[in-house]
Structure formats: C-alpha cells, structure tokens
Amino acid sequence: MKKIKDKPQESEDLLLEKDRLWQPRIVAFLCNWCSYAGADLAGTSRIKYNPQIRIIRVPCSGRVNPLFILRAFIDGADGVLVSGCHPGDCHYSTGNYFARRKFALLKRLIEFCGMDERRIHFSWVSAAEGSKWSQVVNDVVNAVYQAGPFTGFDLPVFSKETEIETPADLCKQGPERFAYSIDLMSRTGKK
Ligand code: FES
C-alpha cells in the first residue's frame, strides 16, 4: 500500500536536489579595451575558467551605471562583476576612476540594503592578462557560490514621502530615486 506522506517527502527531495544542482548566475560588465580583450585572450589561449559568467561588453567601465547592476540582480543574477582597464590605462583617460568611485558608493548601498557584499566585485584586467581574467572569474564564482542564491533585497528603503520602497522600486523609478537612496544612506551614517 502506498504511503500518503510520500508526496511532501518527494518535494523536499526535489528541493534538496535543486539546491545541489544550483549554480550561480553572474553578470560581468567588461570594458571593451582591456578586460573584454583579456577575456578574449583567455579564450584564444584556451585557458579554462568557470562558465557561470555572462559577459556584457561596455565601451568603458565608467559607462556602467549602478542601475545596471541593480537591474541585473532584479532580473535574476546572483552576482555581478565589473572589470576595466588598470588605473592610468583607461582608453578615455579617467573612466575607470569614475567607475571606482561609483562602485564604492554602490557597495555601501548594497550593504545598506542588507545584501551580501560577496555578490559584487570590481577588478582591473588588461588585454594581456588572460590568466588573471580566469583567476578573477574563478574567485568571483567561488565567492558568489558561498553567498548562495540571491533571494532579494532584505531591507526596505524609506523615500522622501516617508513611504516604504524597496531598492527594486527605486530602480524602476529611475536614477533620481536611486541617487536619493545613496544620499539617504550617507545621512544615516552607515559605512
Ligand atoms: Fe577600459 Fe575605460 S576604457 S576602463
């Protein structure tokens, strides 16, 4: 005779199996002139690295709006990597310095939102550093793997009108709202 409690047990097993099979999805924004060329070099040199990374080519790391990163998380990424030319090597002179500043602010916002900081990474990889690229990817994938699947932002953010809004809402409403949340974060004294 078949046991009735077989069914919940089965779904629990399925969940465990799903957990076991889970692989992180990582979006990488790479500048065209250095990091993308470095990743290309890794490919043409047949250097193996973790395939969980999905590359988006941008003209410069300075082009990466923090909203792109939040959007990636909202759309299902578990981790994000931004990589550009080494300081002083940017094709547009100072784009990577702007990227570094934006990234520092974003890291604080991410922390404020209760998100694991192992999910976002920034690196410098030149066109000649194919092996460094593979190392960076493996490190990022490991860090995101440790952090586990991304399930959403934990903490609400308060808007000007004292309504509660999530970072996802802020993201949908545009850069002004996002900028406001950064401002709010700095005023709360969170580091
Ligand atoms: Fe590579 Fe600006 S062109 S970071």
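Every number in this text was worked out from the coordinates using simple rules, so none of it is lab data. The structure displayed is predicted, hence computed values, not measured ones. Glycine gets a Cβ as well: all are built from the backbone with ideal geometry, and neighbour counts include every protein chain shown.
Please name which of Phe122, Ala99, Phe73 has its Cα lying farthest along the dipole of the stretch 60-133 towards the positive end, using unit charges on Cβ (Lys, Arg +1; Asp, Glu -1) and the Cα centre as origin. Farthest towards the positive pole: Ala99. About its Cα centre, the dipole of the stretch 23-152 is roughly 160 debye, where the only charges are +1 on Lys and Arg Cβ and -1 on Asp and Glu Cβ. With contacts taken as Cα pairs under 8 Å at a separation of at least 6 residues, the stretch 23-152 carries a relative contact order of 39 percent. Residues Ser61, Ser93, arranged from fewest to most other Cβ atoms within 10 angstrom of their Cβ, appear as Ser93, Ser61.
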